[in-house]
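Remarks on the structure that follows.
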Amino acid sequence: MPIITLTTDFGLKDPYVGAVKGAIFSELPDVNIVDISHLVTPFHIAEAAYIIKNAYYTFPKGTIHIIGVDAEHTPDNKHVAVYMDGHYFVCADNGIMCLLTAKFNADKIVEINIHDRITSNFTVMDAFVQTACHIARGGTLEVIGKPIEKLKNISGMQPAVASNSINGQVIYIDNYGNAVTNITRELFKNTGKGRDFTLTARSEKHFKIYDHYSGFIDFNKEDYKRDIDGRAIVIFNSSGYIEIATYKSNPITVGSASSLFGLKDNTPINIKFNET
């Protein structure tokens, strides 16, 4: 049974998610539809890219991923179908694939050209669904689009790297209020080469990055001596990105890295390595 995933900024209040699913089932009754997220911040390309990047690879090869974020079809916002890493992606060519193709090169890209057969202005439900269902039936990409060589790239999606520094930014605030940056463990290690460093995020400075949230706790101490509540920490998160967090944060009650330190989307993050 084919699998089609959905990642959108439609939210859960409006009828759009249900309409897209209904259109898929009308085309393919025997299909497995999986929601990755419908709570992407509206039109937030970097956030959508981060979410899909860290979910798609867990699905079986051949899965088709519809990404409905900033998807209106215009001369500047073309629609594409991409085959990469054994998966298919159907989305707007608005830079959303930048984070994904930074690691894997696309095996095949086509610009979707079936819009002359579509009358509505809900192109995710029409063009994206028709494309995904065509692929799910075993159809080739060339039938629904013309091959192109490159995808749109957006400056700022990737960090700026020098011999002694990395300049990145916050790209995602998670449900706990933790601030995920666009700096990966791999980039940090390849650039730093084991050197001491200072990570600056607004007024906060950090000199150590942990591998998990409790990495800073001395469990040999008694509980009341540990002083851990609300502790600001920097970790390599489960997706391999540098994340600024507070221990056991709660944005609603005690606060979080985002609320306590003023971190939000696009907040600059600087890592300065000591010169050898």
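Assuming charge only on the beta carbon of Lys and Arg (+1) and of Asp and Glu (-1), the dipole of region 3-147 about its Cα centre is about 320 debye to the nearest 20. Counting only alpha carbon atoms, the long axis of helix 45-56 and the longest principal axis of the chain meet at about 80°.
Restricting to DSSP loop positions (anything but H, G, I, E, B) with no more than 15 other Cβ atoms inside 10 Å of their own Cβ, which chymotrypsin sites (Phe, Trp or Tyr not before Pro) remain in region 21-71?
Phe43, Tyr57
Out of every Cα-Cα pair that the chain contains, those further apart than 27 angstrom amount to 45 percent.
Taking Ile233, Ile148, Ile112 in turn, the Gaussian network model of the chain (Cα-Cα springs below 10 Å) assigns the largest fluctuation to Ile148. Annotation: extensible slack from Asp14 through Lys205 equals 64.6 nm (criterion: 0.36 nm per residue apart, minus Cα-Cα distance). Rounded is the label for region 3-147, because the ratio a/c of its alpha-carbon gyration tensor axes (a ≥ b ≥ c) stays below 1.5.
For the chain, give me the percentage of DSSP beta bridges that are antiparallel, rounded to the nearest 5 percent. Could the numbers behind the result be given before it?
Numbers: 41 of 55 bridges.
Bridges in the chain that DSSP calls antiparallel: roughly 75 percent.
Computed over the chain with a Gaussian network model linking Cα atoms closer than 10 Å, the most mobile of Thr200, Thr184, Thr58 is Thr58.
The packing ranking, built from the mean of other Cβ atoms within 10 Å per residue, places the peptides 91-103, 27-39 in the order 91-103, 27-39, highest first.
How would you rank 75-84, 14-23, highest first, on the average number of other Cβ atoms within 10 Å across their residues? Walk me through the numbers on the way to the answer.
Details: 75-84: 17.8, 14-23: 15.6.
Packing order, densest peptide first, comes out as 75-84, 14-23.
Pairs over the 18 Å Cα-Cα cut-off, from the set Lys78/Lys108; Lys78/Lys103; Lys205/Lys264; Lys152/Lys264: Lys78/Lys103; Lys152/Lys264. With a cut-off of 10 Å between beta carbons, the residues surrounding Val129 carry a summed charge of -1, where Lys and Arg count +1 and Asp and Glu -1.
Hey, quick one: spin label on Val161, modelled 7 Å out along Cα-Cβ, who in region 234-276 has an amide N within reach, i.e. under 15 Å? From region 234-276, the list is 241-242, 271-273.
Read the figures in this text as sums done on the coordinates, not as results from a lab. Predicted model, so just to flag it, every value in this text is computed and none were measured. For neighbour counting, all protein chains shown are included, and Cβ atoms are generated from backbone atoms with ideal geometry for every residue, glycine included.
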